[in-house]
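> Below are the structure tokens for one structure; questions will follow.
The values are calculated or read from the model by the stated rules, or taken from the named source; none is laboratory data. Note that the coordinates shown come from a computational prediction; the quantities given were computed from them, not determined experimentally. Glycine gets a Cβ as well: all are built from the backbone with ideal geometry, and neighbour counts include every protein chain shown. In case anyone asks, the SASA skips ligands and DNA or RNA and just uses the protein heavy atoms, side chains included. Shrake-Rupley method; radii C 1.70, N 1.55, O 1.52, S 1.80 Å.
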Amino acid sequence: MKRRQFLISSAAFTVALAGALPAFAEWKPKRPVNAIVPYDAGGGTDSIARAIAASMSEALPVPVVVVNKPGASGVVGATAVANAKADGSTILITSGGSFVLNSVMKDLEVDPFDDFITIGQIGDLTTSLMVPVSSPFQTIDDLVKAAKAAPGSLRWAHTGRGSFHHVAGQGFLNSAELSAVDVAFKGGSATRAAVIGGQVDFGMIGIQQLSGFTDQLRPLALVSNERDMFSPDVPTFEELGLNVPLISSPIVVFAPKDTPDDVVAALQDAVKTAADSASFKELMSNGNNAPSYLSGADASQKLLQMQDDARAIVSKLN
Amino acid sequence: MDIFVGLATVLTDPVILAWIFGAAVIGMIVGAIPGLTASAAIAMLVPLTYYMDPLAALAFLYVIGKSGRYGGSIAAILFNTPGTAASAATQIDGYPLAKKGQASKAMKVATISSVIGDFFGEFVLIIGVAWIAAIALHLGPPELFSIYLAAFVVIGSVIGKSVLKGLASAALGVLIKMAGLDPVTGGERFTFGQVELTDGLSLVPLMIGIFVLAEVFEQLAKRSAPPEITEEPDDQASRDRNRLTWDEFRPCLPHILRSSVIGTVIGMLPGLGSTIAAFVAYGEGKRSAKNPEEWGKGALEGVAAPEAANNAVSGPSMAPLLTLGIPGSTIGAILVGVFMIHGIKIGPTLFVTSRELIYSLFACGLIGIVFYGLVGYFGAANVGRFITRIPVNILYPVIMLTAVISAYVSRGSLFDVGVMILFGFIGWGMKRFDFNPAAFVISFVLAGGAEEAFRQSLRLSDSGILIFITRPIALAFLLIGIAVVIYRVRSLRAKPEAPSLKDA
């Protein structure tokens with residue numbers, strides 16, 4: 001009885017939805033869309049991907065199913081999507097920043113620009129320079145002075161060589177002409193704990209990870225062109241007069257290269273609608289992530305710029 | 001006193017009780033199925049929790065984690081397959097017990113030990129959460145490395161008959177673990193250009209290969225010999241054999257208590273986890289046992305020790321998680337995400353902002369332990385009697401099939417199936433030539449974290465080794481390690497042939 005009512009009402013809902021969304025009339029997917037997330041379930045990118053997939057399922061006539069295909073810092077999943085049938089049934093949701101940095105650092109079989117069409121950016125994780133509250137450094141200036149006084153004496157933490165935190169941190173050191181010893185920790189939480197515990201002098205930590213730790217950590221500057229919505233008191237490097245390249249981790253939806261234009265258009269519309277939905281915004285802001293939508297073209301432009309910046313930084317690494 | 005308020009809240013809410021009960025059962029099932037880990041199940045269930053009340057959502061996942069750690073012992077005892085990595089130590093004695101037709105008895109001991117260990121850890125958490133968090137914060141890479149080193153030494157006593165072959169097995173485990181990305185430079189090591197190898201080999205397929213496939217091959221090799229798992233001729237005899245008496249259980253008690261302490265301490269330390277706790281408890285239990293010669297051949301104490309320890313980890317590991325945001329396990333990492341989704345900010349202020357919720361969550365943990373204990377004692381223990389009646393020519397093909405599926409599903413990768421088969425042959429070879437598969441797996445588990453901590457320490461100290469001596473906590477654990485070595489050398493000299501030769 002109840003089940004039947006549910007079926008009827010959901011069918012009616014679907015019909016109403018289909019009628020309300022004429023933009024998707026050209027593409028009639030027969031199968032659910034598989035959204036490959038190239039990381040383990042439960043991580044930051046995964047939770048954002050699951051949130052956008054849920055919202056996209058409402059905007060498309062078929063559900064969007066998240067499939068985790070972890071391995072080799074996201075390369076395994078990306079390769080699988082690049083080789084999948086280009087008919088819209090398989091898309092990739094990943095950290096565009098990591099993908100680009102990976103392709104700069106290593107010789108990959110897949111390329112974010114040659115093998116994929118960028119559908120859109122749904123979020124952007126930014127990193128920031130943080131010190132423990134007990135640190136003598138009140139400002140970036142203090143830190144720069146101390147590092148210049150004794151080159152190579154400071155220790156800093158990041159989440160692994162080649163991660164966007166590492167490359168962004170190195171970008172800061174280059175722009176201020178400093179040398180410091182980097183120590184890799186596994187993941188953002190371990191990095192944050194190392195900074196709070198005073199194991200290192202400073203660390204590059206995602207600004208959203210400040211949430212709940214404002215009494216333990218002092219963020220000095222943000223790697224972004226605008227201040228963070230949730231930590232508006234933290235200045236950007238640009239404001240402080242340092243030209244640090246904008247290396248971040250935009251969460252980007254990609255489709256395989258040969259996906260037909262009408263499918264790409266439908267996917268782009270669905271991503272835009274989903275990124276705009278109240279439920280997606282709420283899930284994002286609960287994790288202190290500012291929703292930041294960019295169209296496929298804009299996102300692609302941003303990634304190309306990041307690729308250039310990263311190449312310059314990486315070429316100076318030993 | 002907050003815990004009593006929490007208990008009152010939870011006990012009067014039938015909906016939450018239902019979620020906890022569901023979690024206890026689901027956790028046991030996913031824990032018992034090798035390869036289907038509790039963390040994978042939790043990750044799949046996370047979207048469901050978006051729509052749940054925060055307490056119900058957190059309690060559901062927290063209890064799955066607890067009962068999953070226990071559930072792993074079921075497969076370890078019955079099939080010589082650790083259902084979760086944390087139960088790999090349980091099979092050393094659990095499977096020989098099953099072969100003797102005492103699977104139900106072994107499972108009863110596993111259940112009681114898990115419940116006691118889990119309660120112990122949970123009480124320590126409730127009483128000392130703030131204190132545990134303060135300790136965890138002071139553990140940097142040098143301290144962690146010293147702890148890893150002490151763990152290596154303590155676990156050394158599982159090394160069997162030949163010290164040389166045991167050490168060789170351990171060295172092989174370390175070597176295999178080196179494949180993948182260098183933790184400091186991020187460069188590739190031993191990957192031979194294979195994309196799949198850049199993450200290193202994963203534990204699940206490797207362990208299934210070494211333990212399960214090796215056992216299947218062993219059975220194939222002696223097909224003509226009479227099967228070891230026999231059909232039960234007499235129900236009454238089987239029932240008698242599986243009745244757990246107080247006289248049998250009493251010697252387990254000191255081991256359960258010691259292991260509960262070991263598990264609790266390891267749970268407080270960020271990043272070590274239940275697998276290491278179980279092996280350390282097994283090693284220490286065997287070292288201090290009155291009957292070390294029986295360990296490895298089906299000693300009930302050998303089941304009790306690791307099972308108490310791996311569950312004792314569960315509670316205390318919540319302290320660094322809740323107050324510092326350091327997840328001790330994959331399940332912990334997922335829980336952090338769930339807190340965020342519900343807009344609860346993890347961190348030192350959590351106990352001010354959400355005190356009631358947190359103590360209610362701890363109360364759910366206590367109730368969850370009772371639930372999985374009851375289900376396990378009266379339910380799972382009876383499964384054992386049924387399984388031992390399945391003839392080998394059906395049982396082993398089924399195990400083989402389960403092994404292949406398990407290796408595949410954990411990452412959806414055929415490469416992992418290949419890894420499992422390869423290590424099946426390696427494990428079989430190791431058994432035939434008296435090498436030590438357990439020592440191999442343990443060093444594989446420990447080597448990654450130990451190397452990372454060691455190299456981080458050297459980055460911090462400009463490659464100076466003194467960093468391990470000038471930091472007091474690091475020094476203390478180094479001394480513990482040295483003391484254990486001295487003790488063992490002395491006891492070997494005192495009775496030159498007793499435990500070292502009769503060891504399994």
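> For chain A, what is the percent of antiparallel DSSP beta bridges, rounded to the nearest 5?
Once the DSSP bridges in chain A are tallied, antiparallel ones form about 60 percent.
> For the stretch A:166-182, in order, what is each residue's ³J(HN,Hα) by Karplus, 6.51 cos²θ - 1.76 cosθ + 1.60 with θ = phi - 60°, in whole Hz (x at glycine and Pro)?
With coefficients 6.51, -1.76 and 1.60, one gets 5, 5, 5, x, 5, x, 5, 4, 4, 5, 9, 6, 10, 10, 8, 8, 8 Hz.
> For n ≥ 4 DSSP H runs only, could you compute -39500 (n - 2.57) per run for chain A, divide by its residues and tell me the 222 nm figure to the nearest 500?
Using -39500 (n - 2.57) per qualifying helix, the result is -13000 deg cm²/dmol.
> Determine the share of the stretch B:2-502's accessible area contributed by carbon and sulfur atoms, expressed in whole percent, with a 1.4 angstrom probe.
70 percent
> Hey, if you put +1 on the Cβ of every Lys and Arg and -1 on every Asp and Glu Cβ in chain B, which of B:Ser457, B:Met430, B:Ala76 ends up farthest toward the positive end of that dipole?
In chain B, that residue is B:Met430.
> Compute the separation of the alpha-carbon centres of the stretch B:69-90 and the stretch B:253-323 and state it in Å as a whole number.
Distance between centres, Cα-based: 14 Å.
> If you don't mind, another one. Rolling a 1.4 angstrom probe over the protein heavy atoms, how many square angstrom per residue are accessible across the stretch B:59-114?
With the other protein chains kept in place, the stretch B:59-114 gives 12 Å² per residue.
> Let me ask something else about it. Charges only on Cβ, +1 for Lys and Arg, -1 for Asp and Glu: so what's the dipole of the protein assembly as shown about the Cα centre, in debye to the nearest 20?
Roughly 2460 debye, rounded to the nearest 20.
> Right, another one. Can you list the residues, at least 5 places off or on another chain, whose amide H is less than 5 Å from the amide H of A:Arg218, using H built in the peptide plane?
Those qualifying (amide H under 5 Å, at least 5 residues apart or on another chain) are A:Val131, A:Val133.
> Pairing the Cα long axis of helix A:140-149 with the longest principal axis of chain A, what angle in degrees results, from 0 to 90 and rounded to the nearest 10?
Taking the Cα atoms of chain A, the angle to A:140-149 is about 50 degrees.
> Magnitude of the Cβ-charge dipole of chain B, K/R +1 and D/E -1, about the Cα centre, nearest 20 debye?
1000 debye
> A follow-up question, please. How would you classify the protein assembly as shown from its alpha-carbon gyration tensor, with a ≥ b ≥ c the square roots of the eigenvalues: rounded for a/c under 1.5, else prolate if a/b is greater than b/c, otherwise oblate?
Cα axes put the protein assembly as shown in the prolate bin.
> Return the subset of A:Lys281/B:Lys177; B:Lys177/B:Lys286; A:Lys28/B:Lys345 for which the Cα-Cα distance in this structure is over 31 Å, preserving the input order.
Flagged as over cut-off: A:Lys281/B:Lys177; A:Lys28/B:Lys345.
> Considering only DSSP beta bridges with both partners in the stretch A:127-222, what is the antiparallel share in %, to the nearest 5?
60 percent
> Mind checking which aspartates and glutamates have their Cα closer than 14 Å to the Cα of A:Lys145? Skip sequence neighbours fewer than 8 apart in that chain.
A:Glu177, A:Asp201
> Tell me the label-point distance for the pair B:Ile469, B:Leu48, using the 7 Å Cα-to-Cβ offset, in nm and rounded to one decimal.
5.6 nm
> Looking at the square roots a ≥ b ≥ c of the eigenvalues of the Cα gyration tensor of the stretch B:2-502, which shape do they give, rounded for a/c under 1.5, prolate if a/b is larger than b/c, or oblate?
rounded
> Could you work out [θ]222 nm for chain B from helices alone, using -39500 (n - 2.57) per DSSP H run of at least four and dividing by all its residues? Round to the nearest 500 deg cm²/dmol.
Helices in chain B give a 222 nm mean residue ellipticity of -22500 deg cm²/dmol.
> If you don't mind, another one. So which lysines pass the test for B:Lys222, namely a Cα distance under 17 Å, with those fewer than 8 places away in the same chain ruled out?
Answer for B:Lys222, where 17 Å is the Cα cut-off: B:Lys99, B:Lys431, listed by chain and number.
> Another question about this same structure. Taking the Cα centre of the protein assembly as shown as the origin and placing charges on Cβ (Lys, Arg +1; Asp, Glu -1), which of A:Ser300, B:Leu253, A:Val64 is farthest toward the positive end of the dipole?
B:Leu253
> Hey, what angle do you get for helix A:296-316 against the long axis of chain A, alpha-carbon based, 0 to 90 degrees rounded to 10?
30 degrees
> How would the stretch A:127-222 be classified by its alpha-carbon gyration tensor: rounded, prolate or oblate, with rounded meaning a/c under 1.5 and the a/b versus b/c comparison settling the rest?
The shape class here is oblate.
> As I understand it, the value is the acute angle between the Cα axis of helix A:96-105 and the longest principal axis of the Cα atoms of chain A; what does it come to in degrees, rounded to 10?
Compared with the principal axis, the helix lies near 60 degrees.
> Considering only protein heavy atoms, what per residue accessible area in square angstrom results for chain A with a 1.4 angstrom probe?
It amounts to 42 Å² per residue over chain A.
> Here are some pairs, B:Lys66/B:Lys105; A:Lys148/A:Lys186; A:Lys69/B:Lys105; B:Lys100/B:Lys165; which of them have Cα atoms lying more than 31 Å apart in this structure?
Cα-Cα > 31 Å for A:Lys69/B:Lys105; rest within.
> So, one more: To make sure I understand the rule: partners must be aspartates and glutamates, Cα under 14 Å from the Cα of A:Lys85, and not fewer than 8 residues away in the same chain. Which ones qualify?
Straight-line reach from A:Lys85, under 14 Å: A:Asp115, A:Asp258.
> Around A:Gly123, which amide H atoms from residues at least 5 apart in sequence, or from another chain, sit under 5 Å from its own amide H, with H modelled in the peptide plane?
Placed amide hydrogens put A:Ile251, A:Ser292 under 5 Å from A:Gly123.
> If you don't mind, another one. Probe radius 1.4 Å, ligands and nucleic acids ignored: give me the carbon and sulfur share of the accessible area of chain A as a rounded percent.
Whole-percent figure for carbon plus sulfur exposure: 53.
> Another question, if that's okay. Quick one: buried accessible area between B and A, total over both chains, 1.4 angstrom probe, nearest 100 Å²?
Accessible area lost upon association: around 3100 Å².
> Check which residues have an amide H placed less than 5 Å from A:Ile117's amide H, if you skip close sequence neighbours.
When sequence neighbours closer than 5 places are left aside, the close amide H contacts are A:Ala255, A:Lys257.
> Tell me the label-point distance for the pair B:Phe433, B:Glu248, using the 7 Å Cα-to-Cβ offset, in nm and rounded to one decimal.
3.9 nm
> Buried by at least 20 Å² relative to the chain on its own: which residues of the stretch B:321-363 qualify, computing accessible area with a 1.4 Å probe on protein heavy atoms?
Buried by 20 Å² or more upon assembly, which counts only protein chains, are B:Leu324, B:Gly325, B:Ile326, B:Ile334, B:Met340, B:Ile341, B:Lys345, B:Ile346, B:Pro348, B:Thr349.
> Can you give me the C-alpha center-to-center distance between the stretch B:114-155 and the stretch B:394-434, rounded to a whole angstrom?
33 Å
> Using the Cα centre as the reference, give the magnitude of the dipole from point charges on the C-beta atoms of chain A (Lys, Arg: +1; Asp, Glu: -1; all else neutral), rounded to the nearest 20 debye.
1020 debye
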